[in-house]
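Let me begin by presenting the structure, written as structure tokens, before commenting on it.
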Amino acid sequence: MSTSATIRTTRIMEASSSGDLAAVLSILDDAAAAASDDDNDVDNDVDEDANDSPGGDAAASEIKALAAAHDDVGIDDDGVDRPRPRRPASPPLTTEAPAPSLLGTRRHLLASAQDESTGLSPLMVASRAGHVDVCRALLDAGAPWNALDRTGKCAGDHAVEGERWDVVDLLVEVGTRSELILGASIRLERAIEGEGRTNDAVDASSSSSGGGGGGGGRANASTSTAATPVSHEPSTKPSYLNHSNVRYDAACTLLLDDDDDAVMMEWERPIMEAHATVLTHGGRRGMRVLNVGFGLGIIDSALHMHEPGLHVIIEAHPTVYAKMIADGWDKKTNVRICYGRWQDEMPKLIAEGAKFDGVFYDTYGEHFTDLEDFHDAMAHVLNVPDGVYSFFNGLAPDNLFFHGVACNCIKAQLSHLGLDAEFAQCEISSNAADADETWKGVRRRYWHGRSAYYLPVITWKKDDA
Ligand SMILES: C[S@@+](CC[C@H](N)C(=O)[O-])C[C@H]1O[C@@H](n2cnc3c(N)ncnc32)[C@H](O)[C@@H]1O
């Protein structure tokens, strides 16, 4: 990093850590307004567009230096960004140096600076120390709420560790807002590209390779390269249903895709059983239930134990469907299999006027925005006023703070539909989730030693019912 960039970064880190709001604002203002002289750190006023000025070159190199440092720390390559089912996938923050014409970008880059060795940012140090005004100023200047330090902690983690609850509230609010905006823009983009996605879908009735759409959840993209560590790969698998073969292990305790990513694993059984109890309103008989995604059939077996009055299962992968038939699911009492993508099957159920007391969503490789799309459809089939909806909560699993923000996003989105979301904390009793043996042969873990599972319990708001 250039001398002046280093000095500015050091100054803003110190001011953030000590909570000197006036100093933070002044350093940010200086950075935005002044052209930097790399050699003697004399600031001169320059126009934002002064590309051709001598100061412009120095400023451009400072911007590049800051951006390069930002990149070097590896801010927010993957799981940090867009919380979604099982693993977030979203565009990484830019790692390119901004165009020299954007001298104002220095303000943003300075607010986003991270120490090269620790990865700490001004926002992180201010968060840990509980300087809420400084945090707000840094966020206003463009500091990313979700950057990670070299130990994998974000500003929210630092605030939690420092027990700075007003900062935690601020970061949750900012994170939720930015994720909702990002989600809305991704959904809009996808709606515009909609035809492309739909065309990807395979006719689910074909016996070749399954019905399209997205993969959902427990895994990562199939595009591993030497340059991309597995842990940083995006996690959606848009081609899962079209192109991925899946295989069950001999004991039927593991379902793997082509990349050896786990589609479903046996260790989740206690979680699935807890979901089944919620969906059947505490284990009542005769309930009408809908499950999206068969996998190992764990939740369907648990639901079946409660003798539902109607048990609909939507499943799109041909191999999984073949397994369902081989195991006689098509002949079980009150079970109806809808073989196809939920994106195609839900409209049919809606057109029939089907209503369910319990609805569960657990697909694979799909994007957070697919979950949001599913919610729009689900609201049409969930019984009013007593229906209960839930989904496998693998949102942003790598980081508890991001997980919380993701849950908050879901809560906000469901609230628009007239639904209340609570997250019931369950302890995962089995140690299997953590055991190395469990993950042997699985390319990438999608659960990271967390013993608490936040089970979504979603019901109609009392007033809207
Ligand atoms: C994680 S597994 C479900 C596990 C299940 N909850 C259990 O208890 O075993 C996900 C399943 O969703 C299916 N799936 C993925 N995308 C789908 C889609 N768009 N529509 C229907 N099924 C889908 C996959 O083929 C897979 O069988």
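The values are calculated or read from the model by the stated rules, or taken from the named source; none is laboratory data. Computed from a prediction, not measured in an experiment: that's the story for all the values here. Ideal geometry is used to build each Cβ from the backbone, glycine not excepted, and the neighbour counts take in all protein chains shown. In case anyone asks, the SASA skips ligands and DNA or RNA and just uses the protein heavy atoms, side chains included. Shrake-Rupley method; radii C 1.70, N 1.55, O 1.52, S 1.80 Å.
Details
- Residue within the stretch 152-164 that is at pLDDT below 95, surrounded by fewer than 18 Cβ atoms within 10 Å (Cβ to Cβ) and under 24 Å from the mean Cα position of the chain (by Cα) present: yes
- Tally of residues being more than 25 Å from Cys426 (Cβ to Cβ) and either open to solvent by 50 Å² or more (accessible area, probe 1.4 Å) or modelled with pLDDT of 95 or more (or both) across the stretch 258-284: 2
- Scanning the stretch 303-323 for residues that are within 12 Å of the ligand (Cβ to nearest atom), of a type in the set (A, V, I, L, M) and surrounded by fewer than 21 Cβ atoms within 10 Å (Cβ to Cβ) yields one hit, Ala322.
- Strands (runs of 3 or more DSSP E) lying entirely in the stretch 357-443 (those with 3 or more residues that are assigned by TED's automatic domain parsing to the domain that holds Gln343 and within 20 Å of the chain's Cα centre (by Cα)): 388-391, 419-427
- Residues of the stretch 296-320 that are of a type in the set (Val, Ile, Thr) and either closer than 21 Å to Gly283 by Cβ or touching a helix residue (DSSP H, G or I) at 6+ places or on another chain (Cβ under 8 Å) (or both): Ile298, Ile299, Val312, Ile313, Ile314.
- Selection within the stretch 342-357 - in contact with a Gly (Cβ under 7 Å, 6 or more places away or on another chain), away from the ligand (no atom under 13 Å from the Cβ) and not charged (D, E, K, R): Phe356
- Hits in the stretch 324-334 (condition: open to solvent by 20 Å² or more (accessible area, probe 1.4 Å) and in contact with a helix residue (DSSP H, G or I) (Cβ under 8 Å, 6 or more places away or on another chain)): Asp330, Lys332
- Meets criteria (within 24 Å of Trp460 (Cα to Cα), of a type in the set (D, E, K, R) and within 12 Å of the ligand (Cβ to nearest atom)) for Glu273: yes
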